[in-house]
Amino acid sequence: MNQDLIDPITKEPLLYYKDYYLNKNNNKYPIVNGIPCFVGPEFDPWFDHNLRRQELAESGVFDETTLIEQNYYQALSSKNVYYQPYNKWIQRILSNPGSILEIACGPGGSFIPLFLKNDSDRKLIVNDLGFWILEQWKKLLSNIHLDSNVLFLQFDACNTPLPSSSINLVNSHAGFSNIPNHMDALKEAFRYLRNKGKIFLAEGEIDISIYNKLPQKAKTQIEEKIGKENIEKGMIDKLKEVGFKITYSEIIREITLKPNESTIARIAGNFGKKMILREILIEAIKP
């Protein structure tokens, strides 16, 4: 599936060839196994496969492919209570026409399995910073014959190859908050979304009232890890700051984080405190 793309840095048009995209300076962005790549190995967090294999083994998953397959089928399982609160959310997203850009899909695949289950004809553009993740998702969807309307793109969400005002819908499940410079990623999303285009986010935010009760030493350690602004300012405020208009938001659950699940929880635990994560669904429109 060919896609009109631009240089992620200069924002100038690229020429498409069979195996690469070419900018005006004759620099090539390769297409590897059908995936256009706009990120070098030095910026790919999944480039070191040996390290990732070790992490998978420690988590109980010993086969790389098994991880992606497991996440796909777990998302579709009626017994998976984690995804049940998202059923109405998925229908809300799919009630809007146009292609969906999935930012930072990760090994979990965000809502890709549910989008394909409910609307297999919908065009999806799937992104991640890690090539291996995209390659494995592409391989799985190809094996089960659900890849015909899916385009995979490896790029940095802060510097995308997407033309201005070219995307109808953006979705992400805990993707933007995991991008270190996610304000830049939100500004970039505002640029490539069409007027009246929408962004749908499922994000986790810590309970600020609990955070404020932590000793100053704990706060300092947490702020050094993720930044003070990312604690004090929620995603809704950040979307507004960029220029989006919030059209819907809902807190769907609260989760007590375990120390082995989160750096924040581990630091708080060292001071005898528990951290609560609020999962919030947000819909916003580009006016």
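The values are calculated or read from the model by the stated rules, or taken from the named source; none is laboratory data. Everything numeric here is computed off the predicted structure, so don't read it as measured data. No Cβ is skipped: glycine too gets one built from the backbone with ideal geometry, and neighbour counts run over all protein chains shown.
Every residue, every condition in (1) in the same structural domain as Lys11 (by TED's automatic domain parsing); (2) touching a residue at least 40 places away in the same chain (Cβ under 8 Å); (3) assigned to a loop (DSSP other than H, G, I, E, B); (4) aromatic (Phe, Trp, Tyr), yes or no:
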| residue | (1), (2), (3), (4) |
| --- | --- |
| Leu141 | no, no, no, no |
| Asp147 | no, no, yes, no |
| Leu151 | no, yes, no, no |
| Pro161 | no, yes, yes, no |
| Ser165 | no, no, yes, no |
| Asn171 | no, yes, no, no |
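Please go through region 184-216 and give me each residue that is part of a helix (DSSP H, G or I) and among the charged types (D, E, K, R), ordered by number.
Filtering region 184-216 for residues part of a helix (DSSP H, G or I) gives 184-192, 208-211, 216.
If the condition is that a residue be part of a helix (DSSP H, G or I) and among the charged types (D, E, K, R), then Asp184, Lys187, Glu188, Arg191 are the ones that fit.
Screening Leu116 against (1) crowded, with 18+ Cβ neighbours inside 10 Å; (2) within 15 Å of the chain's Cα centre (by Cα) leaves a single unmet condition, (2).
Could you tell me which of the residues Leu141, Leu151 is surrounded by fewer than 21 Cβ atoms within 10 Å (Cβ to Cβ) and touching a Leu at 6+ places or on another chain (Cβ under 8 Å)?
Leu151
The residue list Ala202, Ala157, Ala185 contains one member that is over 29 Å from Leu15 (Cβ atoms) and not acidic (Asp, Glu), which is Ala202. From the list Tyr29, Tyr82, the one residue that fits, being at pLDDT 80 or above and aromatic (Phe, Trp, Tyr), is Tyr29.
If we scan region 251-274, do we find a residue that is at pLDDT 90 or above and part of a loop (DSSP other than H, G, I, E, B)? The answer is no, given that none of the residues of region 251-274 is at pLDDT 90 or above and part of a loop (DSSP other than H, G, I, E, B). You will find that of Gly108, Gly60, Gly34, Gly98, the residue that is at pLDDT below 90 and either closer than 26 Å to Ile167 by Cα or of a type in the set (Lys, Arg) (or both) is Gly108 and no other.
Condition test on Lys219, is it among the charged types (D, E, K, R), touching a residue at least 60 places away in the same chain (Cβ under 8 Å) and not in a strand (DSSP E or B)? Answer is no for this residue.
For region 180-197, indicate whether the set of residues that are closer than 28 Å to Gln84 by Cβ and modelled with pLDDT under 85 is non-empty. Checked region 180-197: no residue is closer than 28 Å to Gln84 by Cβ and modelled with pLDDT under 85.
Checking the conditions here, which among Lys198, Lys233 is buried (at least 21 other Cβ atoms within 10 Å of the Cβ), farther than 20 Å from Asp44 by Cα and not acidic (Asp, Glu)?
Numbers: Lys233 fails: buried (at least 21 other Cβ atoms within 10 Å of the Cβ).
Step by step, each of Lys198, Lys233 is checked, and only Lys198 is buried (at least 21 other Cβ atoms within 10 Å of the Cβ), farther than 20 Å from Asp44 by Cα and not acidic (Asp, Glu).
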